[in-house]
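Data block below; observations after.
The values are calculated or read from the model by the stated rules, or taken from the named source; none is laboratory data. It should be emphasised that the depicted structure is a prediction, and the values quoted were computed from it without experimental measurement. Virtual Cβ from ideal backbone geometry, glycine too; neighbours counted across all protein chains shown.
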Amino acid sequence: MGQWVVTVAGIAILSVLCDVILPEGQTRKYVRTVFGIVVTLVIVQPIVGLLDGDFDLWNTETETEVQQQYLANVEDRQNAEVARSVQTLLLSNGVSPVEVRVCDGKIALTLSRKESSKENTVKSVMASHFSRYELSIVWT
């Protein structure tokens with residue numbers, strides 16, 4: 001529905017611009033006729049779709065899919081940024097994580113057994129900076 005409104009508005013604006021730019025004469029008359037036909041066809045298009053039964057007036061399924069894809073993309077980027085921040089913070093505190101994964105409000109750290117003496121440091125750093133995330137540590 002939104003795309004149809006934008007199309008109608010775009011055609012109308014384009015026809016007004018052509019009307020202003022074109023000089024008086026036969027060409028102007030023909031251009032007006034062509035734009036009149038195009039505007040009529042664009043306006044009638046949803047009615048023809050309704051008669052065929054394949055026109056969804058609100059088209060909510062497509063809009064919902066696009067929104068879900070966008071939100072998933074935003075969440076993926078946010079998780080990647082949190083993982084980079086965790087890695088940087090741990091490195092600045094002398095801990096070298098093997099892997100950092102962020103998903104569904106959880107941070108999963110994979111640390112080397114050599115770093116096991118720094119477990120309290122890891123937990124305190126994570127609690128002070130990433131307290132809203134659930135933390136799990138795997139030692140390899």
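Going through LEU109, LEU89, LEU135, LEU71 one at a time, which residue ends up being assigned to a helix (DSSP H, G or I) and more than 30 Å from GLN3 (Cα to Cα)? Before the answer, list the steps.
Working: LEU109 fails: assigned to a helix (DSSP H, G or I); LEU135 fails: assigned to a helix (DSSP H, G or I); LEU71 fails: more than 30 Å from GLN3 (Cα to Cα).
Answer to the check: LEU89.
List every residue pair whose Cβ atoms sit under 6 Å apart, with the two residues 6 or more apart in sequence or on different chains, where the first one lies in segment 118-134 and is over 20 Å from GLN78 (Cβ atoms) and assigned by TED's automatic domain parsing to the domain that holds LYS106 and the second, anywhere, is of a type in the set (Gly, Ala, Ser) and in a helix (DSSP H, G or I).
Partner pairs satisfying both residue conditions: none exist.
Given the conditions (1) farther than 30 Å from LYS106 by Cβ; (2) at pLDDT 85 or above; (3) among the aromatic types (Phe, Trp, Tyr), and given that TRP58 satisfies all but one, which numbered condition is not satisfied?
Exception for TRP58: condition (2).
Can you tell me which residue in segment 72-100 is nearest to VAL122 (Cα to Cα), limited to those that are touching a Leu at 6+ places or on another chain (Cβ under 9 Å) and at pLDDT 90 or above?
The selected residue is LEU90.
List every residue pair whose Cβ atoms lie under 7 Å apart, where the two residues are 6 or more positions apart in sequence or sit on different chains, the first residue falls within segment 4-31 and is surrounded by fewer than 14 Cβ atoms within 10 Å (Cβ to Cβ), and the second residue, located anywhere, is of a type outside the set (A, V, I, L, M).
Final answer for the pair search is ASP19/ARG32.
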